[in-house]
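Below: the structure, in structure tokens.
The values are calculated or read from the model by the stated rules, or taken from the named source; none is laboratory data. Every value quoted in this text rests on a predicted model; they were computed, and no experiment measured them. Here the Cβ positions follow ideal geometry from the backbone for every residue, glycine too, while neighbour counts run over all protein chains shown. Calculation scope for accessible area: heavy atoms of the full protein, side chains included, ligands and nucleic acids excluded. Shrake-Rupley method; radii C 1.70, N 1.55, O 1.52, S 1.80 Å.
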Amino acid sequence: HAAEAQRTDLMTITRHALNEQGRHPESRGDFTILLSHIVLGCKFVASAVNKAGLAKLIGLAGETNVQGEEQKKLDVLSNEVFVKALVSSGRTCVLVSEENEAAIFVDAPLRGKYCVCFDPLDGSSNIDCGVSIGTIFGIYMIKDKDNATLEDVLQPGTHMIAAGYCMYGSSCTLVLSTGNGVNGFTLDPSLGEFILTHPNIKIPNKGKIYSVNEGNARNWDAPTAKYVERCKFPQDGSSPKSLRYIGSMVADVHRTLLYGGIFLYPADKKSPNGKLRVLYEVFPMSFLMEQAGGQSFTGKHRALEIVPSEIHQRSPIFLGSYDDVEEIKSLYAAES
Ligand code: AFP
């Protein structure tokens, strides 16, 4: 065990990325550079989140706020941090952020071959009470660097080349997939490095937890209502599932990935497309789920097969353990 611990200890996220790079002889390290800029953004936000409760007193950047001047909101600050980190990497071309209505096209001198869709600080209603929040990102490759268009990000999730999230929780965890399984890294605050702590994450085939905002129940459609009823009153004699809902997608999905079970944000009568955004919530999390052996479903089809027509488009989502998603799929199939 000691030897294993030592080996894991030394596997920083950069070293891991360089190892992966070795599998692609054509690679010139551009992805590793992009990733190191994303990591920098995550560390910056992690440090700001840690100080969130003190921000009014000392300011988010740590300087004393003697004048009591208005502090930048954490989600606005996080967005600025990620946009700057991504542009300055020199490896990005088109950026889509939850915080910006329009896509950002990077100026020619700094342009690279990757497109990044991200939510810089998801779950912001949880900031003021100190509950987990996170950053989510999905990465595509541009078709023609000199001719970047919106079409480069209006791609089905199956075209993504990498996705991940960083959770600012009781510890800071970065979960990443480059299409070759899923790995989790934990920030060692004393080193300022993300260390591989969760190699090759696989989601259990079936779980004991369901996660949904049940306050919307009266507006659900029949298959969703039936599924949740079955979680509470199983028909096969098994124990009921436990309900866990944080209201931060990153935290709810992270728990689902590690413990198994299902996370749902279904359509309802008031929101026929649910709430969550395709490009920077549904796609990255679906990519990770599939890479970990789980599934992700929209109520109609595989979530990664959505072909988005707008950058801030929403979709209903059911994701998690393979067998649990299979059950909701069969309820929707029976309905149609
Ligand atoms: P906020 O950023 O407004 O807190 O929304 C978070 C979120 O987009 C996602 O992280 C949660 O899973 C989901 O919304 C929770 O939505 P409800 O509050 O409607 O349950």
Scan the stretch 173-180 and tell me whether some residue there is polar (S, T, N, Q) and farther than 23 Å from GLY22 by Cα. yes
Suppose the filter is of a type in the set (A, V, I, L, M), more than 16 Å from the ligand (Cβ to nearest atom), open to solvent by 60 Å² or more (accessible area, probe 1.4 Å) and free of Cβ contacts under 8 Å to residues at least 60 places away in the same chain; does LEU191 pass it? yes
In the set SER296, SER315, SER309, SER286, the lone residue that is away from the ligand (no atom under 12 Å from the Cβ), among the small types (Gly, Ala, Ser) and out of contact with any Ser or Thr (no Cβ under 8 Å at 6 or more places or on another chain) is SER309
For the stretch 209-221, state whether one or more residues are away from the ligand (no atom under 16 Å from the Cβ), surrounded by fewer than 24 Cβ atoms within 10 Å (Cβ to Cβ) and within 25 Å of LEU304 (Cα to Cα). yes
Within the stretch 91-128, restricting attention to residues that are within 11 Å of the ligand (Cβ to nearest atom) and assigned to a helix (DSSP H, G or I), which residue is most open to solvent (accessible area, probe 1.4 Å)? ASP128
Just to be sure, is LYS241 free of Cβ contacts under 8 Å to residues at least 40 places away in the same chain, within 12 Å of the ligand (Cβ to nearest atom) and in contact with a strand residue (DSSP E or B) (Cβ under 6 Å, 6 or more places away or on another chain)? no
In the stretch 14-51, which residues are of a type in the set (A, V, I, L, M) and over 20 Å from THR186 (Cβ atoms)? ILE33, LEU34
Do you know which residues across the stretch 129-151 are within 20 Å of the chain's Cα centre (by Cα), farther than 16 Å from LYS73 by Cα and crowded, with 19+ Cβ neighbours inside 10 Å? SER132, ILE136, PHE137, GLY138, ILE139, TYR140
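Yes/no matrix, rows are residues, columns are (1) modelled with pLDDT under 95; (2) within 21 Å of VAL96 (Cβ to Cβ); (3) touching a Leu at 6+ places or on another chain (Cβ under 9 Å):
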{"residue": "ARG255", "(1), (2), (3)": "no, no, no"}
{"residue": "LYS270", "(1), (2), (3)": "yes, no, no"}
{"residue": "PHE287", "(1), (2), (3)": "no, yes, yes"}
{"residue": "GLY294", "(1), (2), (3)": "no, no, yes"}
{"residue": "THR298", "(1), (2), (3)": "no, yes, no"}
{"residue": "SER315", "(1), (2), (3)": "no, yes, yes"}
{"residue": "SER321", "(1), (2), (3)": "no, no, no"}
{"residue": "ASP324", "(1), (2), (3)": "no, no, no"}
Looking at the stretch 222-325, what strands (runs of 3 or more DSSP E) fall wholly within it and have at least 3 residues that are under 20 Å from THR135 (Cα atoms) and open to solvent by less than 20 Å² (accessible area, probe 1.4 Å)? 317-320
Among all residue pairs at least 6 apart or on different chains, which show Cβ distances below 8 Å where the first residue, located in the stretch 97-116, is closer than 19 Å to ASP30 by Cβ and the second is of a type in the set (A, V, I, L, M) and open to solvent by 70 Å² or more (accessible area, probe 1.4 Å)? LYS113/MET141; TYR114/MET141; CYS115/MET141
A careful count of residues in the stretch 194-208 that are under 11 Å from THR173 (Cα atoms) and out of contact with any Phe, Trp or Tyr (no Cβ under 7 Å at 6 or more places or on another chain) gives 1
Yes or no: the stretch 276-284 includes at least one residue that is in contact with a His (Cβ under 7 Å, 6 or more places away or on another chain) and farther than 15 Å from HIS159 by Cα. yes
